[in-house]
Structure formats: C-alpha cells, structure tokens
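All remarks here apply to the structure that follows.
Quick note: the coordinates plus some simple rules give every number you see, no bench work behind them. No experiment lies behind these values; they were computed from the predicted model shown. With ideal geometry, Cβ positions are generated from the backbone for all residues, glycine too; neighbour counts draw on all protein chains shown.
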Amino acid sequence: IEETLQDREDDAAHFAIMAGADTVAIGSVFPDPSPHADLRVRFMATTPGHRGRGLGGRILERCIDHAHRSGSDLWCSARVPASGFYTRHGFEIVGEPHEVAGIGPHVTMVRTRRQSDLRPVITLT
C-alpha cells in the first residue's frame with residue numbers, strides 16, 4: 001500500500017493499492033472535524049475487477065491506523081449498502097440515515113480508538 005501526502009489538503013493522507021501502473025483500490029483521510037471525530041475517511045473505492053479480495057479492507061485499516069497514530073478518531077459518511085463493510089472494521093452508526101443528493105441514503109459512522117488498536121512497541125537493548 002502506497003501512502004502519499006500530496007493533495008490540496010496539507011494534512012491529507014492517501015492510500016492506494018497498485019497493480020502495475022493501475023490503481024485498483026484507494027482511500028483518503030483528511031481533517032474534517034465533526035461532533036464525533038476530527039479526521040474523515042473518504043474516496044474509498046476498488047475497481048470492479050478487484051472487488052471481493054479484501055483490498056478495500058486493507059486500505060480502510062491503513063486509514064484507521066493513520067488516524068489513530070495521529071491521536072484522532074475517524075468518521076465517514078457511508079452509503080447505506082456499504083455500512084456493513086465499515087461495521088466489520090469497527091465503525092458504529094451515529095444518528096439517522098440522511099440523503100446525499102444524486103447518490104442516495106448515507107449514514108454517519110465513527111471509529112474510535114480502542115485499547116486493542118494499540119500495537120506494542122518493542123525496544124531492543
């Protein structure tokens with residue numbers, strides 16, 4: 001998974017899985033404070049021919065890790081049919097479904113930091 005920090009948002013982080021020169025899965029995290037979290041995950045997508053292989057989950061886990069390493073919780077506005085994907089990765093629905101014009105029903109979801117997210121640091125002496 002490649003990470004770049006180049007975008008119009010100085011603090012945005014973009015993650016991509018490549019197949020040769022082709023981007024097959026992407027996701028971004030950037031500052032967008034809400035009542036629930038400071039960072040937002042957006043632009044999650046996997047090309048149709050690469051779906052069902054866990055690539056989106058790998059990207060989302062990198063987004064979660066990025067947010068938590070920066071000390072932030074993470075939120076998203078998920079399409080209702082995709083909410084199960086986010087739930088499997090520890091997101092919880094907050095609030096009622098809402099309509100996004102031209103796209104369809106969405107729910108706001110939040111992934112908070114948990115003790116189980118903390119990875120041990122090993123110090124060699």
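Just a few scattered comments:
- Cβ crowding within 10 Å ranks Ile26, Ile93 as Ile93, Ile26, fewest other Cβ atoms first.
- For the pair the range 87-113 / the range 18-48, the C-alpha centres are spaced 15 Å from each other.
- Take the Cα of Phe85, step 7 Å toward its Cβ, do the same at Ala101, and the gap between the two points is 2.5 nm.
- Of Ile103, Ile59, the sequence from fewest to most neighbouring Cβ atoms within 10 angstrom is Ile103, Ile59.
- Ordering His66, His98 from the fewest to the most neighbouring beta carbons within 10 Å gives His98, His66.
- Counting every C-alpha pair in the range 2-117, the share spaced more than 25 angstrom apart comes to 20%.
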